[in-house]
Amino acid sequence: MTRTEMWRRIDAHPNPWDMIVVGGGATGVGVAIDAASRGYDVLLLEQSDFGKGTSSRSTKLAHGGVRYLEKGNIGLVMEALKERGLLLQNAPHIVHDLAFVVPNYDWWEAPFYGLGLKLYQLLAGKYGFGTSRILSKEETLEHLPTLKTEGLRGGAVYYDGQFDDARLLIHMVATAFEQGATLLNYVQVTELTKDAQGFVDGVSARDLETGSKFHASAKVVINATGAFSDLLRLNAEPAASPMIVPSQGIHLVFDSSFLQGQSAVMVPHTSDGRVLFGIPWHGHTLVGTTDTPVAAATLEPVAMEQEIEFILATAGQYLTKAPARKDVLSVFAGIRPLVRATGMASGVGNTAALSRDHVIHIDRSGLVTVCGGKWTTYRHMAEDCVDQAATLALLPEKTCVTQHLRIHGFHELAKEESAREFGTLAVYGTDAHQIRKLIHNDSRLDERLHAALPYVKAEVIWAARHEMARTVEDALARRTRALFLNARAALEMAPAVADLMASELEWNGTMRTRQLAAFREVAANFLLNS
């Protein structure tokens, strides 16, 4: 899967395409998989890298949404629980189950949360991940050895899903490609074109690497740009009413000593109305998230001081080793593309109360916008979107097949077996065999890029050759997760990564220097000053 192959498909494809998808996050790539696997001709264009925005900045959970259960949104929870089960079924190399413990410090919490979590388990039906139950104080501490013991009465355990969001997305891009879709990163849609009747019939776009421009026509254009959906809608209809209410969430990453054991902790009520998760992830501890209304979405959001202090303070109430600013290895922010409630004023309000349901909207221009929802439900969102887009475009009716479509890299080894078989390369699934071949052919590629992280040189080569990584940031933020795990280590790795990519992508000295400068600028947003 290379950019050259993608351009070859474009050059060989006669206009119009059945569908053009704008946006290369989970929703857009999910639409491309669904449409291509039905047999439709699909072109997807992403202005930056796949998953550069929200899709790489999640809490890394494939979950039904415990807090939505409390709000009474049973339908959303059941849908998400089913999709969680399908994710595990179709991508077991990236998705796995994880025990979550809700600690109890008041007498009423055990029966209250125990009952709610039992309902959560029952709603999952055949897609269940494990049996929830009440824990004694001793059992709670077995799960969470670093939990504060003062006042601790016990806890409740339930099971949900965990995954690596950016790695899953890259495997989804490969899946869409294998199904026949054409997907390009670093191609910006500059304009939506219209026919004589005023209906959107294609896009004008520019390749950001070469500067070359081109036009592609389509029977239907799908707007899957997430938090930026309104910008594309305004391109088609300048008078369109805004749909998106952006909300920022941040996460702090620490070393594994803060959350020892193999379980996560879930704090069901915080001062901002959200739940707080502390999660073991890639040998580190990830804590989040916040829900802060913001005026507008940005491609590189930055954590606010009040968000950082909120997470540090809340985590410190539950962990024996209270985290401080100096302990933060990385901080990252993401924008949720929440959908404005009917009748909601245009000002910024309490976004925690907004629904996470997805919406499919068709403007008078015929532009189809799919937005809202959550990572876990990307497949169902895509199915709904393709159904409606195909109807609008008068395409032949074709049945969705993604419920049982395996994601690229699929294998059926359990998490522990996969770790024994593939080691730190387990998240690549069957692609781990190919990365090992690179190492077999050149043992120098087995060298670690940094002592603090497990990534080796072969992973950078693989990313550049087969996963359409085009920048140092692509390799360190989304093909590996170095920037998200340890920003300073990622900065120290960057020159070696730039050397490897320069050789693969034929960069000259000027391009290498420019790449490193661009990465340092982005990485600064992931650093927390003491």
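The values are calculated or read from the model by the stated rules, or taken from the named source; none is laboratory data. Because the structure is predicted, anything quoted here is derived from the model rather than measured. FYI the Cβ positions are ideal-geometry reconstructions off the backbone, even for glycines, and counts take in every protein chain you see.
Out of all the residues in the range 130-151, which are among the small types (G, A, S) and more than 14 Å from M266 (Cα to Cα)?
G130, S136, G151 - these are the residues of the range 130-151 that are among the small types (G, A, S) and more than 14 Å from M266 (Cα to Cα).
Within the bounds of the range 141-154, is there any residue that is surrounded by 22 or more Cβ atoms within 10 Å (Cβ to Cβ), more than 17 Å from Y113 (Cβ to Cβ) and in contact with a Phe, Trp or Tyr (Cβ under 7 Å, 6 or more places away or on another chain)? Working first, answer last.
Narrowing the range 141-154 to residues surrounded by 22 or more Cβ atoms within 10 Å (Cβ to Cβ): 144, 147.
Next, only the ones that are more than 17 Å from Y113 (Cβ to Cβ) stay: none.
No, that holds for no residue.
If the requirement is being crowded, with 19+ Cβ neighbours inside 10 Å, in contact with a helix residue (DSSP H, G or I) (Cβ under 9 Å, 6 or more places away or on another chain) and part of a loop (DSSP other than H, G, I, E, B), which of these qualifies: L413, L395?
That would be L395, the only listed residue that is crowded, with 19+ Cβ neighbours inside 10 Å, in contact with a helix residue (DSSP H, G or I) (Cβ under 9 Å, 6 or more places away or on another chain) and part of a loop (DSSP other than H, G, I, E, B).
So G154 clears everything in (1) at negative phi; (2) modelled with pLDDT under 95 except one condition, right? Which one?
(1)
Might you check whether a residue that is surrounded by 21 or more Cβ atoms within 10 Å (Cβ to Cβ), assigned to a loop (DSSP other than H, G, I, E, B) and touching a strand residue (DSSP E or B) at 6+ places or on another chain (Cβ under 9 Å) occurs anywhere in the range 61-72?
Yes, the range 61-72 contains at least one residue that is surrounded by 21 or more Cβ atoms within 10 Å (Cβ to Cβ), assigned to a loop (DSSP other than H, G, I, E, B) and touching a strand residue (DSSP E or B) at 6+ places or on another chain (Cβ under 9 Å).
Show the residue pairs meeting these rules: Cβ distance below 7 Å; 6+ apart or different chains; first residue within the range 256-267 and within 12 Å of L319 (Cα to Cα); second residue of a type in the set (D, E, K, R).
S257/K321; F258/K321
Does L117 count as in contact with a helix residue (DSSP H, G or I) (Cβ under 8 Å, 6 or more places away or on another chain), at pLDDT below 85, outside any loop (DSSP other than H, G, I, E, B) and crowded, with 22+ Cβ neighbours inside 10 Å?
Numbers: in contact with a helix residue (DSSP H, G or I) (Cβ under 8 Å, 6 or more places away or on another chain): yes; at pLDDT below 85: yes; outside any loop (DSSP other than H, G, I, E, B): yes; crowded, with 22+ Cβ neighbours inside 10 Å: yes.
Yes.
If H171 satisfies every condition in (1) closer than 28 Å to G334 by Cα; (2) touching a strand residue (DSSP E or B) at 6+ places or on another chain (Cβ under 6 Å) but one, which is the exception?
Going through (1) closer than 28 Å to G334 by Cα; (2) touching a strand residue (DSSP E or B) at 6+ places or on another chain (Cβ under 6 Å) one by one, H171 breaks only (2).
Just name the residue that is farthest from Q121 (Cα to Cα) out of those in the range 73-86 that are crowded, with 24+ Cβ neighbours inside 10 Å and hydrophobic (A, V, I, L, M, F, W, C).
For the range 73-86, the residue satisfying everything is A80.
One line per residue, one yes/no per condition, for (1) within 30 Å of R84 (Cβ to Cβ); (2) touching a helix residue (DSSP H, G or I) at 6+ places or on another chain (Cβ under 7 Å):
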position	(1), (2)
L168	yes, no
H171	yes, no
F177	yes, no
G180	yes, yes
K194	no, no
V200	no, yes
L208	no, no
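State yes or no: is E473 among the charged types (D, E, K, R) and modelled with pLDDT under 95? Reasoning before the result, please.
Details: among the charged types (D, E, K, R): yes; modelled with pLDDT under 95: no.
The answer is no for E473.
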